[in-house]
Amino acid sequence: MFRPIYVGPFVCAFGVLALFDASRAHAQSADLVLCDRVAADPADPDKPKDIPGVAAIAKSDIPLALKYCKIASASSRRALFELGRAYAANGQTTEAVTTYRKAVDKGSTSAMVELGVLYGTGAGGVAKNPDEARKLFERAAKAGSPRAASNLAAMTGGGVGAPADPAAARAMLAKAAAENSAEAQFQLGLMLADGTGGPKDDVQARSLFEKAAAQGEAMVWAGAFAELGRGGSQDDNAAKAYFEKAAALGNQEAKDRLERIRCPYVLKDKQGKVMTHLCP
């Protein structure tokens, strides 16, 4: 005779356990969601594409970021980096450096960049260490970070903790520029225009400046190349348009160039010093 097996308590116990585990997993993901919402960096490659991120953590959101990112950081590399951002936003530089270092150890390129900036600038009372900054930027750049490649190139141009191989920096910038990093396009354009780290190429430099200008960077350079006909045909209208956009953002050089376009005639003294510009 068939007898049904009594499994009620086991099923109930299993069900409670399953619900507990699901609840715990949900709580962890909720912490990460809240951490991302207030502290994610828009440029962080670890960040999911559907999370916009914030350029700077709002002052009112710092307590939330510290609370939820600290919880989520136990199991999330990007939350660890975001916790570092929260500490930095709260003026806790020592804690920020320590947390960034932990994120760096886990491979966060964004943490490498932020820590490199602190070492490179000495911001927040951090002991300035250009060599350490360069190492961090090089490591992140090799991992594909456009920001790191741009910062590395900037250090090269300034001669501060510069890498021994400008050609390598140029190659890293090329990768970052191909990913549409405006800063990398601008920095690479400068290297191509000057012939630093490889052959001089005005045509490619102009193209890069124009690409960067479309994103709000390098507009004066794009305008200057158009005005001079460098790397392509001369185009006064395009030059003026670039200068006007840059001037609207407060760029003084762009304003000066617009004034020279408006008043092209120069009045000089006997020593050849420019006294004023005359308008037609």
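Laboratory data are not the source of any read-out in this text; all were calculated from the coordinates shown. Just so it is clear, the structure is predicted and the values come from calculations on it, not from any experiment. As a convention, Cβ positions derive from the backbone with ideal geometry for all residues, glycine included, and neighbour counts pool all protein chains shown.
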Which residues' amide hydrogens lie under 5 Å from the amide hydrogen of SER145, considering only partners 5 or more residues apart or on another chain, with H built in the peptide plane? none
Please list, ordered by chain and number, the residues whose modelled amide H lies under 5 Å from the amide H of ASN251; skip anything fewer than 5 residues away on the same chain. none
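I'd like to compare 88-101, 193-206: which one has the highest average count of other Cβ atoms within 10 Å, and what's the full order after that? Could the numbers behind the result be given before it?
Details: 88-101: 17.9, 193-206: 15.9.
Peptide ranking by packing, descending: 88-101, 193-206.
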So THR93 and ARG260, fully extended at 0.36 nm per residue minus their Cα-Cα distance, gain in nm 55.5 nm
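Which value, in debye to the nearest 20, describes the size of the charge dipole of segment 201-280 about its Cα centre when Lys and Arg Cβ atoms bear +1, Asp and Glu Cβ atoms bear -1, and nothing else is charged? Before the final figure, lay out the partial values.
Details: 12 positive and 12 negative charges, 66 e Å.
Computed about the Cα centre, the dipole is about 320 debye.
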Extension reserve of the ILE51-ALA167 stretch, reckoned as 0.36 nm per residue once the Cα distance is removed: 38.2 nm
